[in-house]
Amino acid sequence: MSTPSPYAIEMLHITKRFPGIIANDDVTLQLKQGEIHALLGENGAGKSTLMSVLFGLYQPEEGEIYVKGKKVEINDPNVANELGIGMVHQHFKLVECFTVLDNIILGVETTKGGFLQKDEARKKVMALSEKYGLRVDPDAKIQDITVGMQQRTEILKMLYRDNEILIFDEPTAVLTPQEIEELMQIMKNLAAEGKSILFISHKLAEIMAVADRCSVLRKGKYIGTVETKNTTMEELSAMMVGRNVNFHVEKGEAKVGKPVLEVRNMSVASKVHKNNAVKNVSLTVHAGEIVCIAGIDGNGQTEFVYGLTGLEPLVSGSVKMLGEDITKAKIRERSLKGMSHIPEDRHKHGLVLDYSLEDNLVLQRYFEPEFTNKAGFLRRDNIRKYAEKLIAEYDIRSGQGPVTKARAMSGGNQQKAIIAREIDKGPELLVAVQPTRGLDVGAIEGVHKSLISQRDAGKAVLLVSLELDEVMDVPDRILVMYEGEIVGELDPKKTTQEELGLYMAGAKRDEVKA
Amino acid sequence: MKKILKNDGVQSLLASLICILLGLLIGYVVLLFIEPSGAGEAIKAVIKNFLTYNKKESQLKYLGNTLVKAAPLVMCSLSILFSYKVGLFNIGAAGQYCIGIACSLYCALALKLPWWVCTLVAVLGGALAGSISGLLKAYCNVNEVISGIMLNWIILYGTNMLLTNVKEATSPYTKEVARTSAASLLPTLGLGKFFNNNKYVGVSVIAAVVIAVIVWVVLEKTRFGYELRATGGNKNAAKYAGMAEKRNIIVTLAISGALAGLGAAMLYLTSYEQWNCSTSSVPGMGFNGIAAAFLGGLNPIGAILSSFFIQHITAGGAYVDKKIYCAQISDLISSIIIYLCGFVFFMKLMMNKRIAKQEERAQKALAKKAAEGGKEQ
Ligand SMILES: Nc1ncnc2c1ncn2[C@@H]1O[C@H](COP(=O)(O)OP(=O)(O)OP(=O)(O)O)[C@@H](O)[C@H]1O
Ligand SMILES: [Mg+2]
């Protein structure tokens, strides 16, 4: 015990079971002092579970944890905190109606005579924010800020607590390419200062760029750890899924048909400021093509989709689908006309977390005669059969199959369930907002294939994406949105990422006709 | 054994039982403080209720009375739990119950209408009160708790005013339905003879059970229930899926109101109770419904059992020796127990924590043993 341990964290032979599944099966993970260690694995491989064990949210059935060479029992996040372990969760855990500052100091407030002493806290937060380039507005409410800033808030929360060991569960899934760049730099700075970082991501390029070592899990089992400088993306993905993954999207020529969606002069109000978030947008999507709306997050894409799908009313403008005006149509009417919507936020809109997987899979169709009889009773056996079909077709993994509560599923598998539901509905128009968010490379390949087969079947697809690779590879046309307006139309075959970047940053713009 | 303990239904049941025991214990301690000598007898009286009587005939008769009053309580707790599934807290059940009293008694005493019309009007009255809260919630975003409480007062004074028209000349109480309009009395179906000719027992007792079952079926088995529970679980997702959330809020509160209104008709059209026209607070039935709903684990079938229990101890309170304790003691003890009943979900949480801890300990012990065994070899 004379020499200090080279490891900040050692998790040895961890086993954690859930009903119907072994989420971690004899997993060993060693995090060196001051390194950035990536954790890679398919959706449902057990990454979040392993991190939750380290953070004291779950108790493992077997295995031991050492922090700086000392054996510890982490049976509560407070214990983790005392040991200097901090975590940014896959789905953030912020209080929506509190300000950024309040969220950061929540739980470790300094008080004097029962009153909050916020001034000192504010100073410390601003100093940290400055030092690491974590831009936040301390007085903005969480519900009003972008996911990027929410994440910076989560990071500041860890730093404010002087955590030395930082866990990031899929931090980049929700960020824009620019924000990802920034985050990588921040992580490198933190590591250079001696903090040790555990980092979960499905994006191999990021792992190669930022991590020193990478451990791979597959179906709950530990596969191995490699040094990133001695490996390739192909090798990593093969370790992870057990087969080679095709990174390139294969597709033939588009056979463009008649217009399916015609949006004219759409404006949608903003929730955060007085101006409209979407300004006078016109666009057309035809049968047999994939149109992608690209842009930096927060440039009106979310509001545009809300307006299009009927979640928010329009300030002005019109929407036509298959020649019929649906500007004022109810959400259900749009759905029955053949509009499907893979929502941006799977927990806010996409799922009823306390419903079983099967009940979530019929969320858009429960009222159809197949699932409800004439007397208004649910046809449970048909629902079960349908769910089993989708689960098999879309490889949705969970502990107990159709009856698993959505809450107990891994993030990526929740996403797969939504995609299955929306595509299997057989839509004329598929509105897919960040459909591959949080999916592993194998699943992304699958989703891209389904989007393209929709197109090839003569359906219209409107893709909204922040992912540059996806924007370049999948669609037939790219529309760039900047500050609520369409500022450019690009042909993915002819443009470059650099040119796209200029449009997205607002440095370049053309007149675009719908 | 552990498997059984982890079952959700079993946990709810255990949690309810623990709450009941705690309530009785605290009630006992309070009695000890006031007057130690009679405490044991008093708490026994509360638990025994109709069993205090020695004669089988009397026991049956008073069991009948407890059933008659449990029926409306079942309805009130159904009213609470139905909206609760949709994420609404229908504190207005008390007022909806009260409007049910006003409607049924006025139809019976002033208009001398047949019982089924009186009942129907009470149901509609409750539904109306519920839908007012629903409309305010859906279109003006007024919290249903606030509008419910306000409506409770309005309805209470409205009821007092309306029923003053049909009260006895010499007392603040309304006339007896049995004497004024026999046609307005609920059918007894001859059930009274099983309860030593208790003339109040009748269709309401059976109806309460049947309606509880119907509520369960609607919530769990139908498309409508699926929508309602989805709205309660995640209203954004319900909206996204094209469910008519505004309509569902209004319909839910209207149904809740109808259930409470029906409860009132079930009691007052038996002539078991008369309304005091100078009452200064809404009847406690609606509020006890909250306790009954939670004690029953928010399950309609559970609500039947919990309502009977709560009514049982409330009635039992009347048998506490008034020579030793003041008259209010019976209400105090039953309210302590009812209060504790609200803690069922807290209990469940604590139980789950304990189970998790124990399992962990057991597993560690096992692991240790295995490790030691390994060494020996
Ligand atoms: N609270 C829970 N209850 C029951 N099962 C769970 C629970 N949490 C996770 N699981 C199951 O454990 C498995 C591993 O889940 P985990 O969230 O760790 O996956 P992951 O590797 O983080 O996947 P993703 O990349 O999709 O986020 C999944 O099959 C999931 O269904
Ligand atoms: Mg995860």
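The values are calculated or read from the model by the stated rules, or taken from the named source; none is laboratory data. Please read all numbers here as calculations on a predicted model, not as lab measurements. Positions of Cβ are generated from backbone atoms using ideal geometry, with glycine treated the same way; all protein chains shown enter the neighbour counts. Heads up: the accessible areas ignore ligands, DNA and RNA and are worked out on the full protein's heavy atoms, side chains in. Shrake-Rupley method; radii C 1.70, N 1.55, O 1.52, S 1.80 Å.
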Residue hits (region A:340-382; more than 10 Å from chain B (Cβ to nearest Cβ), more than 19 Å from B:E220 (Cα to Cα) and open to solvent by 10 Å² or more (accessible area, probe 1.4 Å)) are A:E344
The residue from B:I214, B:I255 that alone is open to solvent by 10 Å² or more (accessible area, probe 1.4 Å), in a helix (DSSP H, G or I), within 14 Å of chain A (Cβ to nearest Cβ) and modelled with pLDDT of 95 or more is B:I214
Within region A:385-400, the residues that are more than 21 Å from the chain's Cα centre (by Cα) and surrounded by fewer than 17 Cβ atoms within 10 Å (Cβ to Cβ) are A:K385, A:E388, A:K389, A:A392, A:E393, A:Q400
Can you spot a residue in region A:77-100 that is within 14 Å of ligand 1 (Cβ to nearest atom), in a strand (DSSP E or B), at pLDDT 90 or above and closer than 30 Å to A:P402 by Cα?
no
With criteria (1) away from ligand 2 (no atom under 16 Å from the Cβ); (2) under 25 Å from the mean Cα position of the chain (by Cα), A:E164 comes up short on (2)
A:L322 vs. criteria surrounded by 16 or more Cβ atoms within 10 Å (Cβ to Cβ) and assigned by TED's automatic domain parsing to the domain that holds A:V281 = yes
Flagged pairs (Cβ under 7 angstrom, 6 or more apart or on separate chains; first in region A:113-142, part of a loop (DSSP other than H, G, I, E, B); second loosely packed, with under 10 Cβ neighbours inside 10 Å) are A:Q117/A:T111
Scanning region A:478-489 residue by residue, the ones that are open to solvent by less than 50 Å² (accessible area, probe 1.4 Å) and touching a residue at least 60 places away in the same chain (Cβ under 8 Å) total 6
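Being polar (S, T, N, Q), open to solvent by 20 Å² or more (accessible area, probe 1.4 Å) and modelled with pLDDT of 90 or more is the requirement here; does B:N276 meet it? Spell out the reasoning first.
Numbers: polar (S, T, N, Q): yes; open to solvent by 20 Å² or more (accessible area, probe 1.4 Å): yes; modelled with pLDDT of 90 or more: yes.
Spelling it out, B:N276 is indeed polar (S, T, N, Q), open to solvent by 20 Å² or more (accessible area, probe 1.4 Å) and modelled with pLDDT of 90 or more.
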When region A:153-174 is checked residue by residue, the ones that are open to solvent by less than 20 Å² (accessible area, probe 1.4 Å), away from ligand 1 (no atom under 16 Å from the Cβ) and either farther than 18 Å from A:H37 by Cα or touching a His at 6+ places or on another chain (Cβ under 7 Å) (or both) are A:T153, A:E154, A:L156, A:L159
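Being at pLDDT below 90 and more than 15 Å from ligand 2 (Cβ to nearest atom) narrows it down to one of A:P19, A:P60, so name that one. Give the steps one after another, and end with the answer.
On the way: A:P60 fails: at pLDDT below 90.
From the options A:P19, A:P60, the qualifying one is A:P19.
Quick one: is A:D395 at the interface with another protein chain (Cβ under 8 Å from one of its Cβ atoms) and not small (G, A, S)? Spell out how you get there, then give the answer.
Details: at the interface with another protein chain (Cβ under 8 Å from one of its Cβ atoms): no; not small (G, A, S): yes.
For A:D395, the condition - at the interface with another protein chain (Cβ under 8 Å from one of its Cβ atoms) and not small (G, A, S) - is not met.
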Check your understanding: Would it be correct to say that A:V53 is under 29 Å from A:K405 (Cα atoms), within 16 Å of ligand 2 (Cβ to nearest atom) and free of Cβ contacts under 8 Å to residues at least 60 places away in the same chain?
Key -> yes
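Please tell me if B:T159 is open to solvent by 20 Å² or more (accessible area, probe 1.4 Å) and in contact (Cβ under 8 Å) with a residue 12 or more places away in the chain. If you could, list the steps in order and put the result at the bottom.
Working: open to solvent by 20 Å² or more (accessible area, probe 1.4 Å): no; in contact (Cβ under 8 Å) with a residue 12 or more places away in the chain: yes.
Taking the combined requirement at face value, the residue does not satisfy it.
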Being near ligand 1 (Cβ under 9 Å from one of its atoms), more than 21 Å from B:A230 (Cβ to Cβ) and not β-branched (V, I, T) narrows A:G438, A:G446, A:G426, A:G442 down to just A:G438
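Can you pull out the helices (runs of 4 or more DSSP H) entirely within region B:15-121 that have at least 1 residues that are open to solvent by 60 Å² or more (accessible area, probe 1.4 Å)?
Numbers: elements: B:39-48, B:56-85, B:93-105.
Because the criterion is at least 1 residues that are open to solvent by 60 Å² or more (accessible area, probe 1.4 Å), the helices (runs of 4 or more DSSP H) in region B:15-121 that meet it are B:39-48, B:56-85.
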Residue count, region A:21-35, condition open to solvent by less than 40 Å² (accessible area, probe 1.4 Å), aliphatic (A, V, I, L, M) and either touching a Lys or Arg at 6+ places or on another chain (Cβ under 7 Å) or within 16 Å of ligand 1 (Cβ to nearest atom) (or both), comes to 3
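Taking the residues in region A:176-204 that are within 16 Å of ligand 1 (Cβ to nearest atom) and not in a helix (DSSP H, G or I) as candidates, determine which candidate is surrounded by the fewest Cβ atoms within 10 Å (Cβ to Cβ).
Just the residues of region A:176-204 that are within 16 Å of ligand 1 (Cβ to nearest atom), to begin with: A:198-204.
Then drop every residue that is not not in a helix (DSSP H, G or I), which leaves A:198-203.
Values: A:L198: 27, A:F199: 26, A:I200: 23, A:S201: 22, A:H202: 26, A:K203: 20.
The residue in question is A:K203.
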Out of (1) within 8 Å of ligand 1 (Cβ to nearest atom); (2) touching a His at 6+ places or on another chain (Cβ under 9 Å), the one A:E62 does not meet is (1)
Flagged in region A:48-66 as more than 14 Å from chain B (Cβ to nearest Cβ) and open to solvent by less than 10 Å² (accessible area, probe 1.4 Å), in numbering order, are A:L50, A:M51, A:L54
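Within region A:265-287, is even one residue over 29 Å from A:E483 (Cβ atoms) and of a type in the set (A, V, I, L, M, F, W, C)? Lay out the reasoning, then the answer.
Of all residues in region A:265-287, those over 29 Å from A:E483 (Cβ atoms) come to A:287.
Those still in the list that are of a type in the set (A, V, I, L, M, F, W, C) too: A:287.
Yes - at least one qualifying residue is present in region A:265-287.
Residues to consider are B:I324, B:I355, B:I329, B:I336; find the one that is β-branched (V, I, T), within 14 Å of chain A (Cβ to nearest Cβ), surrounded by fewer than 24 Cβ atoms within 10 Å (Cβ to Cβ) and farther than 23 Å from B:Q96 by Cβ.
On the way: B:I324 fails: within 14 Å of chain A (Cβ to nearest Cβ); B:I329 fails: within 14 Å of chain A (Cβ to nearest Cβ); B:I336 fails: within 14 Å of chain A (Cβ to nearest Cβ).
One residue alone meets the criteria, B:I355.
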Note: among B:A241, B:A260, B:A292, B:A237, just one is in contact with a His (Cβ under 8 Å, 6 or more places away or on another chain) and crowded, with 19+ Cβ neighbours inside 10 Å, namely B:A237
Just checking, does region A:36-46 include any residue being more than 16 Å from ligand 2 (Cβ to nearest atom), open to solvent by 40 Å² or more (accessible area, probe 1.4 Å) and not acidic (D, E)?
no
